[in-house]
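Please read the structure below before turning to the comments.
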Amino acid sequence: MAMALVLSIAAPTISVNASADNLSSVNKSAVTQFIDIVLKNGTDSNISSILAPIIGLAKTMPMKKKEVVMSEQDNGFEKRACYVIYENADQHAVCAYFVKIKRSGLDKQTHYFRIDLNGNLEKAVLSQSKFDEAGKVIRGSGVKFDQDINSPEVRKTFEAEMNFWLKDWLPKERRAAAKKAA
């Protein structure tokens, strides 16, 4: 396991293809509704100055986020998150990220998938880091890999995230909003 991690960290970075066909059959209306709900009900936060260049943003930006814990054990967890990045006080959305986070023991992997406002995949990044026994990130252990957005593996993982947020999570949020309004 340790050798596999060492080999994966030593792997060369793959260039990102900045334009790709829409990888999903999800319609623009669902993406628009998704973004609107996250902007309305998400938690206020900011993309940090450390994270911004890792995920392809030029600067720190405000965001609204939602997080869903998929599983938790003593030695790790799996979470999904979405970030809607916006500008200005009127919260004009710029893009969104689907984020898949998995921590197992002292290792953490985070996949970031940036989509445009039409639901097209623009960028995919894998970030890996290590933690010490006290649970703190080991300084210098973070490694970023830009991924080819046209590779079958990235497409498959992105589709799973898109389906989770737009086909599983979004309908539940719509029902909850309708129930709350009634």
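One table, with the values for the structure above:
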{"item": "Under 5 Å, built H, 5+ apart or other chain: amide partners of residue 46", "result": "63"}
{"item": "Nearest 10 degrees, 0 to 90: helix 152-163 Cα axis against the chain principal axis", "result": "40"}
{"item": "Solvent exposure of the chain as accessible area per residue, Å², 1.4 Å probe", "result": "57"}
{"item": "Pairwise label distance in nanometres, residue 133 with residue 94, each label 7 Å out on the Cα-Cβ vector", "result": "4.2"}
{"item": "Tilt relative to the chain, helix 28-41 - C-alpha long axis, 0 to 90 degrees, to 10", "result": "80"}
{"item": "Where only C-alpha atoms are counted, convex hull volume of segment 23-108 per residue in Å³", "result": "126"}
{"item": "Rg and Dmax of the chain, Cα atoms only, in Å", "result": "16.8, 56"}
{"item": "Within the accessible area of the chain (1.4 Å probe), percent carbon and sulfur", "result": "51"}
{"item": "Net charge, residue 36 excluded, C-beta distance under 14 Å - Lys, Arg +1, Asp, Glu -1", "result": "+3"}
{"item": "Cα-based helix-to-principal-axis angle, 170-181 vs the chain, degrees rounded to 10", "result": "40"}
{"item": "Relative contact order of segment 71-127, pairs being alpha-carbon contacts under 8 Å that are 6 or more residues apart, as %", "result": "26"}
{"item": "Length-normalised contact order for the chain - Cα pairs under 8 Å, 6+ apart - percent", "result": "21"}
{"item": "Cβ-based charge dipole, segment 42-84, positive-most Cα from 75, 62, 42", "result": "62"}
{"item": "Neighbourhood charge, 12 Å Cβ-Cβ cut-off, centred on residue 125 and excluding it, Lys, Arg +1 and Asp, Glu -1", "result": "+1"}
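The values are calculated or read from the model by the stated rules, or taken from the named source; none is laboratory data. Please read these numbers as outputs of a predicted model, since none were measured by experiment. In this analysis, Cβ positions are derived from the backbone assuming ideal geometry, glycine residues included, and neighbour counts consider all displayed protein chains. We work out accessible area using only protein heavy atoms, side chains counted, and drop any ligands, DNA or RNA first. Shrake-Rupley method; radii C 1.70, N 1.55, O 1.52, S 1.80 Å.
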